[in-house]
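The values are calculated or read from the model by the stated rules, or taken from the named source; none is laboratory data. Predicted model, so just to flag it, every value in this text is computed and none were measured. Note that each Cβ is placed from the backbone with ideal geometry, even for glycine, and that neighbours are counted across all protein chains shown. The protein model used for the area step is the full one, side chains on, heavy atoms only, and it has no ligands, DNA or RNA in it. Shrake-Rupley method; radii C 1.70, N 1.55, O 1.52, S 1.80 Å.
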Amino acid sequence: DLRKCKDVYQKKLWHQLTDSLEHVILTSKCKIDFIRFEAKFIRDFRKYMNTLRYGSLVIQIAQRSYQQKIINEIQGIAFLEQALTLIEDDEKKSKEQQHFDDKKIDNTQTKLLIKTQVALFELNRTVEASDDDKKDEKKTGDEEYNEEEDEYANTPFKIAKKKLDEIEVEMEESVRACPPLIYSRYHYVCSKLWQSQSEKNELPSDISWTAMFYKHAMSYLGYTALNQVDNITQWANDIALAALVAPDFYNFGELSLHPIMKSLEGTENEWVLEIVKAYIEADMNAYNVVMDKYSEKIKSNHVLNTAKPGDILIQKIRLLALVRLAFKKESFERIISFKQIQEYTKCEENNVEYLIIKAMSLNLIKGVCDEIDQTVNVTWVKPAILDNKQIGALQEKVELWIKKIEQTQKEINPQLGGLMQ
């Protein structure tokens, strides 16, 4: 592969050379020092490359070198900042040489891509920088560095989050739409950022790491082809667990239709998929079966055991069961008794009203609760992504409605003298 790179380099086939380099970096099993390889070889012809692809090569080199323990986090950050400096120097030279704004080089997107990897190294940092380096990094303009006043000087999480917030602002302010590669990388690092809080306590009480992780992980998958996702089974497992305990998350239809969930079939974590299926179907009986069947695995799972509140799993399935009950009812059957709700959701009798009010507060249903008659009149159910089974039930309702319309037409047509034909 390296010989092929040499051949296309001598022929000055820059596009083919870039493809060959990506292949070598991603697939080579040899322990090559790609940091030196970039400095001695790639940097020599980078001006002929697409800058975004150069940025992609840089973060691939940094990530691979870090995984092979050729460099640590501090060295990785230094390597990436050196690449950023080179790109900024190219922009300065371009401004001096070009006379028209539309001809100037804009490498903003490439810099954003590289900065996401800097944020990831900051998050994974276990090696402390020297005191002088810290002061150099924190000092801006003529302001003196004051560690006590710097709220982001405490932990890798806060430093990485600050950098990602800056990247987000730059992406929103960018005149040109960022390519999927940048969004993919940004959401990947964000998902790792929030997942790092699974065993830490650096978040305010009103922010859940599971909800934020789920949001960014699904966005990452939305911008990334499945064949480019590393360890797809682990991603599916982590996303499913986060969805189960994420506060205010009830749209399991989105999860059920994502192809990544199929990767859990036949694995040691298939039990997670079975629990998710119970939530998708909002079936209390199926829920009780899987909870009894996998009780030991559930007890030993860190994410499920540390979820707050402690009874969030049973709360969620009951709320979903209530929504499913209302969804299944015809429009003229939407006055549901407390007894029906109790039987369907397996809820305690004195908690039925609380369950209804909770569902209304979460905007899952709307209606009028009559405590005297012990009924609730459901006027609206929150729209959700339907799985194939739910779509089939909806189709049956539509077909029944069409038949009723046709029957009504036949009954009134003779009285209207053919007006309805």
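Each residue in region 362-382 was checked for being open to solvent by 90 Å² or more (accessible area, probe 1.4 Å) and outside any strand (DSSP E or B), and 4 of them qualify. Only one entry in Val58, Val8 is surrounded by 19 or more Cβ atoms within 10 Å (Cβ to Cβ), on the phi < 0 side of the Ramachandran plot and among the aliphatic types (A, V, I, L, M), namely Val58. When region 237-249 is limited to residues that are modelled with pLDDT of 95 or more and of a type outside the set (A, V, I, L, M, F, W, C), the one that is surrounded by the most Cβ atoms within 10 Å (Cβ to Cβ) turns out to be Asn237.
Scan region 233-287 for residues that are of a type in the set (Asp, Glu) and at negative phi and jot them down. Reasoning before the result, please.
Filtering region 233-287 down to residues of a type in the set (Asp, Glu) leaves 238, 248, 254, 265, 268, 270, 274, 281, 283.
The answer is Asp238, Glu254, Glu265, Glu268, Glu270, Glu274, Glu281, Asp283.
Look at region 255-266 and say how many of its residues are exposed (fewer than 14 other Cβ atoms within 10 Å of the Cβ) and either within 13 Å of the chain's Cα centre (by Cα) or modelled with pLDDT of 90 or more (or both). Count: 4. Within region 26-42, the set of residues being under 21 Å from Leu112 (Cα atoms) and either acidic (Asp, Glu) or modelled with pLDDT under 85 (or both) comprises just one member, Glu38. Scanning region 223-242 for residues that are under 14 Å from the mean Cα position of the chain (by Cα) and closer than 15 Å to Asn269 by Cα gives Ile232, Gln234, Trp235, Ala236, Asn237, Asp238, Ile239, Ala240, Leu241, Ala242. Going residue by residue through region 269-278, is there one that turns out to be in a helix (DSSP H, G or I), in contact with a Leu (Cβ under 6 Å, 6 or more places away or on another chain) and either open to solvent by 40 Å² or more (accessible area, probe 1.4 Å) or of a type in the set (Ser, Thr, Tyr) (or both)? Looking for residues that are in a helix (DSSP H, G or I), in contact with a Leu (Cβ under 6 Å, 6 or more places away or on another chain) and either open to solvent by 40 Å² or more (accessible area, probe 1.4 Å) or of a type in the set (Ser, Thr, Tyr) (or both), one finds at least one in region 269-278, hence yes.
Scanning region 279-314 for residues that are surrounded by fewer than 16 Cβ atoms within 10 Å (Cβ to Cβ), within 26 Å of the chain's Cα centre (by Cα) and part of a helix (DSSP H, G or I) gives Lys297, Lys299, Ser300, His302, Asn305.
The sole residue among Lys215, Lys135 that is assigned to a helix (DSSP H, G or I) and modelled with pLDDT of 90 or more is Lys215.
Is it the case that some residue within region 238-254 is assigned to a helix (DSSP H, G or I) and without any contact (Cβ under 8 Å) to a residue 12 or more places away in the chain? Scanning region 238-254, I find no residue that is assigned to a helix (DSSP H, G or I) and without any contact (Cβ under 8 Å) to a residue 12 or more places away in the chain, so the answer is no. Are there any pairs with C-beta distances below 6 angstrom linking a residue in region 175-195 that is in a helix (DSSP H, G or I) to a residue that is open to solvent by 30 Å² or more (accessible area, probe 1.4 Å), with the two at least 6 apart or on different chains, and if so which? Close Cβ pairs satisfying both conditions: Pro180/Tyr223; Tyr183/Tyr223; Ser184/Tyr223; His187/Ser219; Trp194/Trp209; Trp194/Met212. Just a yes or no: is a residue in region 383-391 in a helix (DSSP H, G or I), surrounded by 11 or more Cβ atoms within 10 Å (Cβ to Cβ), under 39 Å from the mean Cα position of the chain (by Cα) and modelled with pLDDT of 90 or more? No.
In region 82-101, the residues that are among the charged types (D, E, K, R) form Cβ pairs under 7 Å with partners that are surrounded by 10 or more Cβ atoms within 10 Å (Cβ to Cβ) and modelled with pLDDT under 65, at six or more places apart or across chains, as follows: Asp90/Ile105; Glu91/Ile105; Lys95/Lys104.
Please go through region 142-185 and give me each residue that is of a type outside the set (A, V, I, L, M, F, W, C), farther than 19 Å from Ser219 by Cβ, open to solvent by less than 70 Å² (accessible area, probe 1.4 Å) and at pLDDT below 90, ordered by number. Result: Tyr145, Asn146, Asp150, Tyr152, Thr155. Looking only at region 326-361, residues that are farther than 30 Å from Trp401 by Cα and assigned to a helix (DSSP H, G or I) come to 10 in all. Condition (residue is buried (at least 20 other Cβ atoms within 10 Å of the Cβ), within 30 Å of Lys161 (Cβ to Cβ) and not hydrophobic (A, V, I, L, M, F, W, C)) applied to region 221-236: is it met by at least one residue? No.
Quick check on Gln63: is it among the polar types (S, T, N, Q), modelled with pLDDT under 90, assigned to a helix (DSSP H, G or I) and surrounded by 15 or more Cβ atoms within 10 Å (Cβ to Cβ)? No.
Entry remark, region 192-220: residues being surrounded by 18 or more Cβ atoms within 10 Å (Cβ to Cβ) and either under 17 Å from Leu112 (Cα atoms) or not hydroxyl-bearing (Ser, Thr, Tyr) (or both) number 11 in total. Among the residues of region 327-357, those identified as in contact (Cβ under 8 Å) with a residue 12 or more places away in the chain and open to solvent by 60 Å² or more (accessible area, probe 1.4 Å) are Lys328, Ile335, Lys339, Gln340, Tyr344, Lys346, Ile357.
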